[in-house]
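Take a look at the structure set out below.
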Amino acid sequence: MKTRSLLVAAAALASIPLALLAQGTLDPSSLVKPSTDSWPTYHGDYSGRHFSTLKQITTANAKNLSLAWMYRTNPSTENAIIGGTPPAAVPGRGAAAPASGGPTIKSIPLMVDGVLYLTAPNHTWALDARTGQQLWHYVWQGRGVIGNRGVGMYRSWLFFETGDNSVVSVDAATGKERWHQRIAPEGAANFSTSAPLIIRNHVILGAGGDSGRNSDWVESRDPETGELQWKWMITPAAGEVGIDTWPSPQASAIGAGGPWQPATYDPELNLLYVPTGNPTPTYNGRAREGANLYTCSLVAINPDTGKVAWYYQFSPHDTHDWDSTEVPVLIDGTFDGKARKFVALAQRNGYFYLLDRVTGKSLVVKPFVASVNGYTGLDKNGVLIPDKQKEPSPGGSLVSPTSDGATNYPAPSFDPLTGLFYTNATTDYSIFYLPPDATAPSGYGRGGEWHTGEFHTALKAIDYKTGDVKWEHKYDQSGFAGGTYPGALTTAGGILFTGDPSGNFIAFDAATGKILWHCPLGNTYQSNTPETYVLDGRQYVLVAGGDTLYAFYLQ
């Protein structure tokens, strides 16, 4: 069956224009430059700003945007290139796509030399970026997983992670597999969903899993061979820095902290900024007293060695599933009259942070939703102090935000022209419970939480220097929860693109929040972060809604 599929795929490739097959080469040094006519990495460039210098689409003409093409993901293996082996009965998250539709798109496609590279769990597609025509389809036979963020690209090679913890490299022109390597042992409880980040000759990967039976890590692999270059474990072992923040090395060893958000990178400082996930057991903090480093943190790492330069912890001793896997946005600006390098984040715990990205020192820590109530203040190092009264309890503790967060992993955007940081945010509450026998770890189970409140959602524009909300657009319908938050994109044309809870894809005036244009995305909502690129002198805006990719341009 595999031989037949490869022959059919080869025949299909023969019908593709040779000009397209000759394209798809990326020089790693180009990733240092701001995103312009292409979209060569998950965040567009290394900064995580999700800002494009393109300005063909403006506040004056955005009303003329129209649909260029649509592409619906196809889960069928017919005519596909097949890799991997059928899944065994091992622990995992998620499942294969239902027969009624294709996989949901959470990834941000790359666009290089007129070709889009799109992923969903165990699937990778190459599409003509002008028309949406499928060029090739690669299928990995492995267990399902909750999502896949996308691919990384080095020269003419693509890299992506699979749900059963492998990393695969294929030829960008044909989809033909070059090699695959296991990230975690077969049958491990880890799962791999992140988009690889390419820094020179390093393929940076993250392995996660919050089952309470594992720890998680960041690693680097050689793009030529897939061989491991270095590995950094999120939680420390006996004798390592930070082990004193756990009750025992055994607790630390199963502490999780999955780094499933693609990192950002400063080439001048040569520092990789890795956001980490929550500790386990998720709700039972009594089983792991202490701050639980390096979970719920931002960790600055040397990408050549894997050595830690500094860290900052957003949610010490988290007991509410507030992963800190939100995008670290790199900003160059001024603070107190001095030029500084910053990293800004809107966190799941409801706080906006501005850190010095050279040292990790906190400069701004401020709520961006008014209901947050999980902390009592800041310590002398500018780190939040958890309110012990808000930890889960047998009788229940009312806490805001919920485990879904005031925001979540979909990317925010920073516009250097307005100086504003944009994110969708929800005001909500949950009652968090703990089993009467608090010594029994509660693991990942969701039975300890009851969501309540009205779930009001708004698009917020935040002054990065102060954390103040300069304007907000309140959506009419009940708001977002969890990973359903749409990501945001800003452009030099003055446009902010994002989605609402009613399923509309919207162009806002980035300076004022005025709606300029909108388009409903079928019967679903925006499921990824939009991007933009130019082909043949025409600017396209690309966004996903469920299992469908939509491309827009000016009429």
Going by average Cβ density within 10 Å per residue, which order do the peptides 227-238, 191-202 take, highest to lowest? 191-202, 227-238
Roughly how many Å² of Glu186 are accessible to a 1.4 Å probe, to the nearest 10? 150 Å²
Packing-ranked peptide list from 365-374, 542-551, highest mean Cβ count within 10 angstrom first, is 542-551, 365-374
If eta is 0.692 mPa s and T is 37 °C, what Stokes-Einstein diffusion coefficient results for the stretch 321-476, Kirkwood Rh from Cα pairs, in µm²/s? 197 µm²/s
In nanometres, what is the gap between the two model label sites at Gln56 and Gln229, each 7 Å from Cα along Cα-to-Cβ? 3.5 nm
At what distance in nm do the modelled label points of Ala237 and Ala511 sit from each other, each positioned 7 Å from its Cα along Cα→Cβ? 5.7 nm
On the full set of protein chains, 1.4 Å probe, figure out the accessible area of Ile385 and give it in Å² to the nearest 10. 70 Å²
Give the lysines reachable from Lys388 as a straight Cα distance under 24 Å; neighbours fewer than 8 places away on the same chain don't count. Lys366, Lys380
Expressed per residue, the solvent accessible area of the chain in Å² (1.4 Å probe) is about 36 Å²
Could you tell me which label, among [x] 22.2, 67; [y] 25.6, 95; [z] 29.9, 98, carries the value of Rg and Dmax of the Cα atoms in Å calculated for this structure? [x]
Once you have the Cα-Cα distance between His518 and Glu177, take 0.36 nm times their residue separation minus that, and quote the gain in nm to one decimal. 118.8 nm
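What FRET efficiency would be calculated for the residue pair Asn302, Lys33, taking the C-beta separation as r and a Förster radius of 30 Å, to the nearest 0.05?
Details: r = 22 Å, r/R0 = 0.73.
My answer for the efficiency is 0.85.
With an 8 Å Cα cut-off and a minimum separation of 6 or more residues, compute the relative contact order for the chain in percent.
On the way: 1624 pairs, mean separation 76.7, N = 555.
Across the chain, relative contact order equals 14 percent.
For the pairs Lys33/Lys231; Lys390/Lys470; Lys63/Lys474, note any where the Cα-Cα span goes beyond 23 Å.
Details: Lys33/Lys231 27 Å; Lys390/Lys470 30 Å; Lys63/Lys474 21 Å.
Flagged as over cut-off: Lys33/Lys231; Lys390/Lys470.
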Cα extents of the stretch 460-533 along the three principal axes, largest first (Å): 37, 29, 20
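With viscosity set to 0.890 mPa s and temperature to 25 °C, compute the Stokes-Einstein D of the stretch 106-159, Rh being the Kirkwood radius across alpha carbon pairs; µm²/s, no decimals.
On the way: Rh = 11.5 Å.
Once the numbers are plugged in, D ends up at 213 µm²/s.
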What aspartates and glutamates sit close enough to Lys341 to cross-link, taking a C-alpha to C-alpha distance under 14 Å and skipping anything fewer than 8 places away on the same chain? Asp266, Glu268, Asp332, Asp356
Note, the stretch 311-319: 3J(HN,Hα) by Karplus (6.51, -1.76, 1.60, θ = phi - 60°), whole Hz, Gly/Pro = x, goes 8, 9, 9, 7, 10, x, 6, 4, 10
So how much accessible area does Thr359 have, in Å² to the nearest 10, using a 1.4 Å probe? 80 Å²
Return the FRET efficiency for the residue pair Gln133, Asp379: r is the Cβ-Cβ distance, R0 is 51 Å, and the value is rounded to the nearest 0.05. 0.35
State the Kirkwood hydrodynamic radius of the stretch 107-250 in Å, one decimal place, computed from all pairs of distinct Cα atoms. 16.0 Å
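With runs of 4+ DSSP H residues as the only contributors, calculate the mean residue ellipticity of the chain at 222 nm using -39,500 (n - 2.57) per run, divided by the residue total and rounded to the nearest 500. Don't skip to the answer; put the middle values down first.
Working: 3 runs with 22 residues, N = 555.
Value at 222 nm, helices only, nearest 500: -1000 deg cm²/dmol.
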Carbon plus sulfur fraction of accessible area for the stretch 247-299, probe 1.4 Å, in percent: 57 percent
With all pairs of different alpha carbon atoms counted, what Kirkwood hydrodynamic radius in Å does the stretch 197-238 show? 11.3 Å
For the stretch 372-381, in residue order, the Karplus 3J(HN,Hα) values (coefficients 6.51, -1.76, 1.60; θ = phi - 60°; whole Hz; Gly and Pro = x) are 4, 8, x, 9, 9, x, 10, 7, 5, 9
Accessible surface, 1.4 Å probe, highest first, among residues Ser66, Ser502: Ser502, Ser66
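The values are calculated or read from the model by the stated rules, or taken from the named source; none is laboratory data. Values in this document were obtained by computation on a predicted structure and should not be read as measured data. Cβ: placed from backbone, ideal geometry, glycine included. Neighbour counts: every protein chain shown. Remember, those area values only see protein heavy atoms, side chains included, never the ligands or the DNA or RNA. Shrake-Rupley method; radii C 1.70, N 1.55, O 1.52, S 1.80 Å.
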